[in-house]
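Encoded as structure tokens, the structure appears first; notes follow it.
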Amino acid sequence: MTATNVTYERKQAANGRVDKASNGGTREHIVEDIIRRLYSNELAPGHRLQEPQLAAEYDVSRGPIREALYALAAMGVVEIKAQKGAQIRVLSLEEAIDALLVSQQLAGFAARTAAMEDYDTPQGHRFAAFIDRLSEFPADADTNQTSDLREEFFDVLTALANNKELRRILSAVQIHLIRTQYNFLLREIDPFRVSDYRRIGSAVLAKEPRKAETLARAHIERAIKKLRAFGAPD
């Protein structure tokens, strides 16, 4: 480390604002926390994300804030406009439906591929353990708990499918925004989530690729139908 870097880090430490983005820690934390705040309705679509304010909130310099915003923009969660800065992206109904249609294809592929994998592996054991734990999920779960459940389900499913590109692409679909912006509609289908996951999981573990794919696609279809019905003329 050069003397210049040492001096810089000492100044940052003296100000209580040490950049950790070089090792990914702070940037990833900020990205995850902004998404969490979306799910908890602390942030809403259209909300402006101002670098000075975020830097103060997370107690870092503006460098990792800027990196986090660019990462969120790459995920489709944030829009960055010249002279206007960053804001949480607002999805039109058509954009939300299009994103769900993509998610539907990916979820079906993930379930079908996972059902063709050997589940006598660490990934398979983790998937089976998750399916077993579904019986413990509270019936009165709030939005955050439901969102966490969805994240974990698709995490263990895509891990079993053993396709890194699938995991990357599926995570880029703007489910965070859809769930936040259209939660008033989608929360109506949350009671079906656990039973859907259990049936998909059973088909995967029984090595029934077509059935697993059909069930996964049907799960996403619930959300698509809700949004289409909302947008249909009276």
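Name the residues in the stretch 75-110 that are of a type in the set (Gly, Ala, Ser) and touching a residue at least 60 places away in the same chain (Cβ under 8 Å), would you?
Residues satisfying the conditions are 76, 96, 99, 103, 107, 108, 110.
So the check is Cβ under 8 Å with 6+ separation or different chains; which pairs have a first residue in the stretch 137-158 that's farther than 16 Å from residue 183 by Cα and a second one that's assigned to a loop (DSSP other than H, G, I, E, B)?
Correct list of pairs: empty, since none qualify.
Which ranges mark the helices (runs of 4 or more DSSP H) fully within the stretch 1-111 that have 3 or more residues being crowded, with 19+ Cβ neighbours inside 10 Å and modelled with pLDDT under 90?
25-39
Show the residue pairs meeting these rules: Cβ distance below 8 Å; 6+ apart or different chains; first residue within the stretch 171-184 and within 15 Å of residue 106 (Cβ to Cβ); second residue of a type in the set (Val, Ile, Thr) and part of a helix (DSSP H, G or I).
Note: pairs meeting the criteria are 173/102.
Determine which member of the set 185, 177 is at pLDDT below 85 and part of a helix (DSSP H, G or I).
Answer to the selection: 177.
From the residues in the stretch 175-220 that are within 20 Å of residue 148 (Cα to Cα) and among the acidic types (Asp, Glu), which one is nearest to the chain's Cα centre (by Cα)?
190
Checking residue 138 against (1) modelled with pLDDT under 90; (2) assigned to a helix (DSSP H, G or I), which test does it fail?
(2)
The values are calculated or read from the model by the stated rules, or taken from the named source; none is laboratory data. Not measured: the values here are computed from a predicted model. Cβ: placed from backbone, ideal geometry, glycine included. Neighbour counts: every protein chain shown.
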